[in-house]
Each structure stands twice: as C-alpha cells, then as structure tokens.
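Visitor: Right, I'll just put the structure down here and ask away after.
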Amino acid sequence: MSKKKRYPIRIPRYATGIRAQEPRNGCGRAWWAMRWRKILESMGLGSRLGRGKNYALSGQVVKLEIEGPHVKASVVGTRPDPYRVTIDFRVADEKVRARIAGRIRAEPMLAARLAADDLPMEVEVFFREEGAQLFPGGKISKGVYDMTTACSCPDYANPCKHASAVLTLLGEEIARRPMTLLELRGIAAEDIYDED
C-alpha cells in the first residue's frame, strides 16, 4: 500500500496590500458583478479560486495597474519577492470598437448610466451584435483565448491562485465602476463621452 504524498503547509508572507471588500460573494450584487463571479467560478479553478479570494481578502495583492486591456499586478506569496501577474484581454478591431462606442454615444441615457457607474444590459447586446465579447468567454479558436493570464510563480496551473486574487480584485473594481469592463475591451471613457 503506497502512502499519499504530503506537502508542507505554506503560509504566504504578511502583506499590507489591496484588500478585497466583499468577503462572501467576492464582487457585488449588480448583474455585471454577478456575471463576472459566475465566469470566474466556471473557469474550473477549483480550490485555486478560493485561495485566490483569501489572498485578495488578506491584502496579498500589493500592486494593481489596469492599462486598457492589460492588467499588471504584484502578489506577495511564500517567497521573498512578489510574484508578477499579467492578464490580457482580447480586444476587437478598431472599427468594431468605434461602432460599439458610437452606439452607446447615440443613446445619451445609456452613456449617462455608464457615467453613473451603472452598466445597461444593452451594452452587452451591442458587443454581441458586433461580434465581440464584453465578458471573458474562454477559448475563441484553437490556441486563441479571450483572456490570458500569466504569473511568475512556479505553479503549473494557469490561472494560479495569484492570478485568481487579481481577478477577484478586478471583479470588485468592475462592480464599483463598470466602465472598467469596457476599458478592458479597448473602449475608453473618452470614446463614449467626447464628440468628434
């Protein structure tokens, strides 16, 4: 009878980074926040998602930068140096993004709701009708993913718990400010609110 291999318990180093605010549900109660959470849960992360939420709650993410469709973060783990996490979102071509922004701009109430941190469901419909995705959708085609994650940690799993922590905090940012979701897709606030 072979014995099951046991791994030592590894506790991450203490960090005073960005702390998640939603301990139970991780994102918020708005429809777009619940959709984000459901997508994370459907990614097959298993216990990595739970550990990532714990990392987010305990402030292990010490740096988070959102630059359009590119997210960079530093996450404190068990090693002395923080792990570097990157998340990249696929963006539609420029013409598609311009048409989506134009459709939102053409309906002032939708633009006003976005400015007031509300995400009208019509925005997701505009994305779909233009052949683009608002929320992460998994594999687009063979070897092409809608969202890619990378981490400097040695974990073979992708996304790892460090990337899961960043995705959890990103979900909270999207819950507070849904315009972030459009920015991850390459549509900036100026594209909607500035007239040509």
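Visitor: So the check is Cβ under 7 Å with 6+ separation or different chains; which pairs have a first residue in segment 33-44 that's of a type in the set (Asp, Glu) and a second one that's in a helix (DSSP H, G or I) and surrounded by 15 or more Cβ atoms within 10 Å (Cβ to Cβ)?
Guide: Pairs found: GLU41/LEU49.
Visitor: Restricting attention to segment 151-162, which residues are within 13 Å of PRO82 (Cβ to Cβ) and of a type in the set (A, V, I, L, M, F, W, C)? Outline the logic, then answer.
Guide: Of the residues in segment 151-162, the ones within 13 Å of PRO82 (Cβ to Cβ) are 151-153, 162.
Correct list: CYS151, CYS153.
Visitor: Return yes or no: is LYS53 in contact with a helix residue (DSSP H, G or I) (Cβ under 8 Å, 6 or more places away or on another chain) and in contact (Cβ under 8 Å) with a residue 12 or more places away in the chain? Spell out how you get there, then give the answer.
Guide: Working: in contact with a helix residue (DSSP H, G or I) (Cβ under 8 Å, 6 or more places away or on another chain): yes; in contact (Cβ under 8 Å) with a residue 12 or more places away in the chain: yes.
Taking the combined requirement at face value, the residue satisfies it.
Visitor: Which one of the conditions (1) within 18 Å of THR180 (Cα to Cα); (2) among the small types (Gly, Ala, Ser); (3) surrounded by fewer than 14 Cβ atoms within 10 Å (Cβ to Cβ) does ALA33 fail to meet, given that it meets all the rest?
Guide: All conditions are met except number (3).
Visitor: Considering only segment 15-35, I want to know if a residue exists there that is within 16 Å of LEU134 (Cα to Cα), among the aromatic types (Phe, Trp, Tyr), under 14 Å from the mean Cα position of the chain (by Cα) and modelled with pLDDT of 90 or more. I'd like the intermediate steps shown before the answer.
Guide: Going residue by residue through segment 15-35, those that are within 16 Å of LEU134 (Cα to Cα) are 30-35.
Going one step further and asking which of them are among the aromatic types (Phe, Trp, Tyr), we end up with 31-32.
Applying the additional criterion that residues be under 14 Å from the mean Cα position of the chain (by Cα) yields 32.
Next cut, modelled with pLDDT of 90 or more only: 32.
Within segment 15-35, one or more residues are within 16 Å of LEU134 (Cα to Cα), among the aromatic types (Phe, Trp, Tyr), under 14 Å from the mean Cα position of the chain (by Cα) and modelled with pLDDT of 90 or more.
Visitor: Residues that are among the polar types (S, T, N, Q): list the strands (runs of 3 or more DSSP E) wholly contained in segment 47-131 that include at least 1 such residues. Walk me through it before giving the result.
Guide: Details: elements: 61-67, 70-75, 83-89.
Qualifying strands (runs of 3 or more DSSP E): 70-75, 83-89.
Visitor: Taking LEU170 as the residue in question, decide whether it is in contact with a strand residue (DSSP E or B) (Cβ under 8 Å, 6 or more places away or on another chain), under 30 Å from ARG51 (Cβ atoms) and not in a loop (DSSP other than H, G, I, E, B).
Guide: Details: in contact with a strand residue (DSSP E or B) (Cβ under 8 Å, 6 or more places away or on another chain): yes; under 30 Å from ARG51 (Cβ atoms): yes; not in a loop (DSSP other than H, G, I, E, B): yes.
Yes; evaluated as a whole, the condition is true for this residue.
Visitor: Check whether at least one residue in segment 182-189 is at pLDDT 90 or above, of a type outside the set (Val, Ile, Thr), surrounded by fewer than 21 Cβ atoms within 10 Å (Cβ to Cβ) and touching a helix residue (DSSP H, G or I) at 6+ places or on another chain (Cβ under 7 Å), and report yes or no.
Guide: Within segment 182-189 (the criterion being at pLDDT 90 or above, of a type outside the set (Val, Ile, Thr), surrounded by fewer than 21 Cβ atoms within 10 Å (Cβ to Cβ) and touching a helix residue (DSSP H, G or I) at 6+ places or on another chain (Cβ under 7 Å)), the answer is yes, since at least one residue qualifies.
Visitor: On the given criteria, is ALA106 of a type in the set (Gly, Ala, Ser) and either over 19 Å from the mean Cα position of the chain (by Cα) or at positive phi (or both)?
Guide: On the way: of a type in the set (Gly, Ala, Ser): yes; either over 19 Å from the mean Cα position of the chain (by Cα) or at positive phi (or both): yes.
In short, yes.
The values are calculated or read from the model by the stated rules, or taken from the named source; none is laboratory data. Quick caveat, the model's predicted, so the values are computed rather than measured. With ideal geometry, Cβ positions are generated from the backbone for all residues, glycine too; neighbour counts draw on all protein chains shown.
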